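To keep things clear, I will list the structure first and then write my remarks on it.
The values are calculated or read from the model by the stated rules, or taken from the named source; none is laboratory data. Everything numeric in this text was worked out from a predicted model, so none of it was measured. In this analysis, Cβ positions are derived from the backbone assuming ideal geometry, glycine residues included, and neighbour counts consider all displayed protein chains. Heads up: the accessible areas ignore ligands, DNA and RNA and are worked out on the full protein's heavy atoms, side chains in. Shrake-Rupley method; radii C 1.70, N 1.55, O 1.52, S 1.80 Å.
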Amino acid sequence: SIPRIDVATMTVDRLDLGAPLAGTPATLVLRGNAHLRSLSDMIIDASAQRINGEGKYELQLKFDSRRMDAALTLHEPAGGPLENLLGLPGLGALAATLNLHGPHAAERLDLAVDAGAVRGRAQGMFNMTGLSADLDFSLDSAALVLRPGLAWQRASAHGRWHGSIKAPTADVHVEAVQLRLPGDTLLA
């Protein structure tokens with residue numbers, strides 16, 4: 001359990017992220033509010049906006065005993081703080097949206113991620129009560145060097161997940177061209 005927390009308004013006029021953390025120094029302004037009554041009853045509305053360059057991060061979450069409504073939006077240019085925090089230098093500009101809406105037994109999930117040469121999508125239904133899902137997903141990438149020793153000329157994964165976490169059924173088609181793996185391994 002968590003203690004009851006009510007934050008009517010939270011503002012941080014200036015948050016400086018240094019180069020060791022963010023790669024390129026970034027300055028943000030933060031705004032939000034939060035009402036946490038329990039792990040199954042909360043409302044959060046938070047945003048961060050870079051003031052020394054492009055970058056916007058927003059989260060809205062409403063969670064109660066019957067349903068969850070959540071929206072996450074991220075936009076940042078290449079070389080932004082998330083690229084460094086994720087340990088993926090050179091990933092590129094990031095645009096991501098995640099929407100989850102509905103009753104716990106039938107949450108509608110829509111996810112879109114565009115990060116440099118990578119495009120990912122997932123959509124379908126998620127059952128939080130039964131820990132099961134019925135999702136279609138895809139990931140497509142042009143040439144990318146993720147980190148030294150891990151790169152490809154082109155890669156894709158398309159598939160479907162159906163069932164519970166304990167007994168899933170998944171069909172996935174994976175294709176990679178000129179896959180370079182650690183240890184100087186190259187697969188045509």
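Out of everything in the stretch 124-176 that is out of contact with any His (no Cβ under 7 Å at 6 or more places or on another chain) and among the acidic types (Asp, Glu), what residue ends up being surrounded by the fewest Cβ atoms within 10 Å (Cβ to Cβ)? Of everything passing the filter in the stretch 124-176, ASP171 is surrounded by the fewest Cβ atoms within 10 Å (Cβ to Cβ).
Of all the strands (runs of 3 or more DSSP E) wholly in the stretch 119-176, which have at least 1 residues that are within 30 Å of LEU39 (Cα to Cα)? Walk me through it before giving the result.
Values: elements: 132-141, 144-147, 150-152, 154-164.
It comes to 132-141, 154-164.
Where strands (runs of 3 or more DSSP E) sit wholly within the stretch 1-100, those with at least 2 residues that are crowded, with 16+ Cβ neighbours inside 10 Å and not charged (D, E, K, R) occupy 26-38, 41-50, 56-63, 67-76. In the stretch 62-92, what residues are of a type in the set (A, V, I, L, M) and out of contact with any strand residue (DSSP E or B) (no Cβ under 7 Å at 6 or more places or on another chain)? If the condition is that a residue be of a type in the set (A, V, I, L, M) and out of contact with any strand residue (DSSP E or B) (no Cβ under 7 Å at 6 or more places or on another chain), then ALA78, LEU85, LEU86 are the ones that fit. Scanning the stretch 120-136 for any residue that is touching a residue at least 60 places away in the same chain (Cβ under 8 Å), of a type in the set (A, V, I, L, M, F, W, C) and in contact with an Asp or Glu (Cβ under 8 Å, 6 or more places away or on another chain) turns up at least one such residue. Scanning the stretch 101-110 for residues that are at negative phi and open to solvent by less than 60 Å² (accessible area, probe 1.4 Å) returns HIS104, ALA106, GLU107, LEU109, ASP110.
Residue-by-condition table, conditions (1) at pLDDT 85 or above; (2) more than 30 Å from ALA143 (Cβ to Cβ):
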{"residue": "TYR57", "(1), (2)": "yes, no"}
{"residue": "LEU61", "(1), (2)": "yes, yes"}
{"residue": "ARG66", "(1), (2)": "yes, yes"}
{"residue": "THR73", "(1), (2)": "yes, no"}
{"residue": "LEU85", "(1), (2)": "yes, no"}
{"residue": "LEU88", "(1), (2)": "no, no"}
{"residue": "GLY92", "(1), (2)": "yes, no"}
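Apart from one condition, ALA117 fits all of (1) at negative phi; (2) crowded, with 17+ Cβ neighbours inside 10 Å; (3) touching a Phe, Trp or Tyr at 6+ places or on another chain (Cβ under 9 Å); the exception is (3). Taking the condition without any contact (Cβ under 8 Å) to a residue 12 or more places away in the chain and farther than 29 Å from ARG119 by Cβ, does GLY18 pass? Spelling it out, GLY18 is indeed without any contact (Cβ under 8 Å) to a residue 12 or more places away in the chain and farther than 29 Å from ARG119 by Cβ.
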